[in-house]
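Structure first, commentary second.
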Amino acid sequence: ALLLHVLADRGDKTVLPAVLQAALSGPQEVRIAALGVLPRLGDDTLVEPLLQLAAGQDAELAEAAKSAVAGLPGEKIDADLKSRLTSAQDAASPLLIEIVGLRRIESTPELIKLAGHSDAVVRRAAFSALSGTIGLKDLSVLISEVTAPKNPDDAETARQALLAACIRMPEGDACAEQL
């Protein structure tokens, strides 16, 4: 595990295949360490294997893989994840939605649509992602969900998303005016 950090500190991207292999198999400590350094070495080729790990049954590995995908640099990865979000099957949607939110990928129309999904898990993931991605012009969507929720079970999630979005937005006065 320590060797992986040294390799990442060197910045030599030729070790990427070995680090990815360490993330996919081996002792848990080594896998977690590999997932922790992959964002420093990685590129768009890592998205698919990391998403598979993030969807896995091991909660610790899944969380580390989500963080790794969230930390990968590049607009190409943002475009790939946004494309996956629009075509995701229901089971994959919450994971993709969460990662889109973590990366703060501009995908407000897609997330607003998913906030009306029939599955409560998908709706809640969409509200959480909107907290980090929604802009001032669409803030009324969250305000409406707080004041008159389409589904009463979503009111608290929408309220938390609205609060986080308002805190994040640099246009404090304009945000307050909408509220």
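Assorted remarks:
- Matching residues, segment 44-77, being within 21 Å of D119 (Cβ to Cβ), open to solvent by 20 Å² or more (accessible area, probe 1.4 Å) and free of Cβ contacts under 8 Å to residues at least 40 places away in the same chain: G56, Q57, A59, K66
- Every residue from segment 7-31 that is closer than 26 Å to A88 by Cβ and open to solvent by less than 50 Å² (accessible area, probe 1.4 Å): L20, A23, R31
- Looking only at residues in segment 78-122 that are open to solvent by 20 Å² or more (accessible area, probe 1.4 Å) and closer than 24 Å to L179 by Cβ, the one that is nearest to the chain's Cα centre (by Cα) is R104.
- Scope segment 32-43; condition open to solvent by less than 30 Å² (accessible area, probe 1.4 Å) and touching a Gly at 6+ places or on another chain (Cβ under 9 Å); matching residues: A34, L38, P39, L41, G42
The values are calculated or read from the model by the stated rules, or taken from the named source; none is laboratory data. For clarity, every value in this text was computed on a predicted model and none was experimentally measured. Reconstructed Cβ throughout: ideal geometry from the backbone, glycine too, with neighbour counts over all protein chains shown. We work out accessible area using only protein heavy atoms, side chains counted, and drop any ligands, DNA or RNA first. Shrake-Rupley method; radii C 1.70, N 1.55, O 1.52, S 1.80 Å.
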